[in-house]
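Remarks on the structure that follows.
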Amino acid sequence: MTLKCLIVDDEYPARVLLNDYAKKLPLLEVVGLCKTALEATAVIREQQIDLIFLDIQMPELTGLEFLQTLAQPPLVILSTAYADYALKGYELNVVDYLLKPFSFERFVQAVNKAAEWFQLKQQATTGNATPSADASKPFIVVKADYKLHRIFYDDILFIEGLREYVAFHTNSGKIITLESLRNLEETLPADMFIRVHKSYIVNKTKVKSLYGNQLDIAGQWIPIGKLYRDEVVKHLFS
């Protein structure tokens, strides 16, 4: 496995250091060094990038502003001299946060985390995990509490929208992550999941009964939105 990476930092010494560190790891292939976010945008349009080492304080467009312009951003490791942006980076789902000056050992830790995340995302895309008893079970990978969680579709009872976040209600508990119901509605398999309310997506196989405008899922009553009722009844009870 090789990760094609892009280094984006307006400071020349920082670009050189990151490039030198990256060259020591066979896992990484540096495909570009950019001093502005605009340069990085041009590179991303032309080729596939798996990982970006991204500075925050840059002219014209900050690293965080740049990240928010990307519809489907690659994995991102922030590198900055300012600790104040850690929370914002977490909200933007970055892999790690390198506080300058950082050591090669700390750099390697961040890269290993990115590699693990990349591998899990690849497995989620194909629907296959590493060989195990669960190898054939499809799953989704989400980030919560600074960890990567692999949630099997079969374990999901329902998904609840919480403004910018969603809560995956599973057989073993609840996991909250930064995500949108609209994106999940488009991503999750339609033969298994259905939107039943502006704030809920349910696993069809977990629905026990319908009472009025509510669905019984594992003893919890999930409301059905007026706009969704016909489709819900059609797909679940006919």
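Quick rundown of the values:
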read-out: Any pair with Cβ under 7 angstrom, 6 or more apart, that starts in the stretch 223-238 at a residue that is touching a residue at least 12 places away in the same chain (Cβ under 8 Å) and basic (Lys, Arg) and ends at one that is part of a loop (DSSP other than H, G, I, E, B) and surrounded by 10 or more Cβ atoms within 10 Å (Cβ to Cβ); value: Arg229/Asn213
read-out: Number of positions in the stretch 140-153 that are more than 17 Å from Ala114 (Cα to Cα) and without any contact (Cβ under 8 Å) to a residue 24 or more places away in the chain; value: 1
read-out: Residue count for the stretch 165-205, restricted to those that are more than 17 Å from Gln220 (Cα to Cα) and small (Gly, Ala, Ser); value: 2
read-out: Selection within the stretch 142-156 - surrounded by fewer than 17 Cβ atoms within 10 Å (Cβ to Cβ) and at pLDDT below 90; value: Asp145, Tyr146, Lys147, Leu148, His149, Arg150
read-out: Exclusive hit being at pLDDT 85 or above, in contact with a Ser or Thr (Cβ under 9 Å, 6 or more places away or on another chain), farther than 30 Å from Tyr165 by Cα and surrounded by 17 or more Cβ atoms within 10 Å (Cβ to Cβ), set Leu33, Leu28; value: Leu28
read-out: Filter pass, Asp20 being out of contact with any Phe, Trp or Tyr (no Cβ under 6 Å at 6 or more places or on another chain), at pLDDT 95 or above and not basic (Lys, Arg); value: yes
read-out: Strands (runs of 3 or more DSSP E) wholly inside the stretch 131-238 that include at least 1 residues being in contact with a Lys or Arg (Cβ under 7 Å, 6 or more places away or on another chain); value: 139-144, 147-152, 156-162, 165-170, 173-178, 193-197, 200-203, 214-217
read-out: Subset of the stretch 19-42 (residues that are closer than 18 Å to Thr62 by Cβ and assigned to a helix (DSSP H, G or I)); value: Ala37, Leu38, Glu39, Ala40, Thr41, Ala42
read-out: Count of the stretch 59-75 residues which are in a loop (DSSP other than H, G, I, E, B) and of a type in the set (Val, Ile, Thr); value: 1
read-out: Number of positions in the stretch 206-235 that are buried (at least 16 other Cβ atoms within 10 Å of the Cβ) and closer than 24 Å to Asn171 by Cβ; value: 7
read-out: Residue selected from the stretch 47-65 under the condition surrounded by fewer than 15 Cβ atoms within 10 Å (Cβ to Cβ) and at pLDDT 90 or above, by the criterion farthest from Val108 (Cα to Cα); value: Gln47
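The values are calculated or read from the model by the stated rules, or taken from the named source; none is laboratory data. Because the structure is a prediction, the values reported are computed rather than measured. Methodologically, a virtual Cβ is constructed for each residue, glycine included, from the backbone with ideal geometry; neighbour enumeration extends over all protein chains shown.
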